[in-house]
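Presented below is the structure to which this report refers.
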Amino acid sequence: MSTWTSQSQVQQIAKALDDTKVTTSDFVITLLERDSLQQHPCTVDLVENAGRIMDAFFRNLVPESSAYTWARKSIQTRKAKAIKILTANEAKTSR
């Protein structure tokens, strides 16, 4: 599959979504959450390209965006948990 989608293709897809009154996010979320759609070519493509999709998000995020905030909070939470585990282990070994 091509790495780049033409402007015309994007407009056709956007029009199809608009014509059916489906938002892009609802379409993607539906693909990812419905078990019956796990093998759908669109779902498979999303999953296979998750890394590229996340890279594109992070290249274009602004600090005010909800995705940026979610990612920052998620990382902070994971770091805090890791620090707690490490300090608990340190406390056990120093006894």
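Could you check how many residues of the stretch 36-95 are over 18 Å from the mean Cα position of the chain (by Cα) and not assigned by TED's automatic domain parsing to the domain that holds D26?
Qualifying residue count, the stretch 36-95: 17.
Suppose we filter the stretch 61-79 for residues that are surrounded by fewer than 10 Cβ atoms within 10 Å (Cβ to Cβ) and part of a helix (DSSP H, G or I); how many remain?
Residues in the stretch 61-79 being surrounded by fewer than 10 Cβ atoms within 10 Å (Cβ to Cβ) and part of a helix (DSSP H, G or I): 1 in total.
The values are calculated or read from the model by the stated rules, or taken from the named source; none is laboratory data. Just so we're clear, the structure is a prediction, and the values are computed from it rather than from any experiment. Note that we place each Cβ from the backbone using ideal geometry, even for glycine, and neighbour counts take in every protein chain shown.
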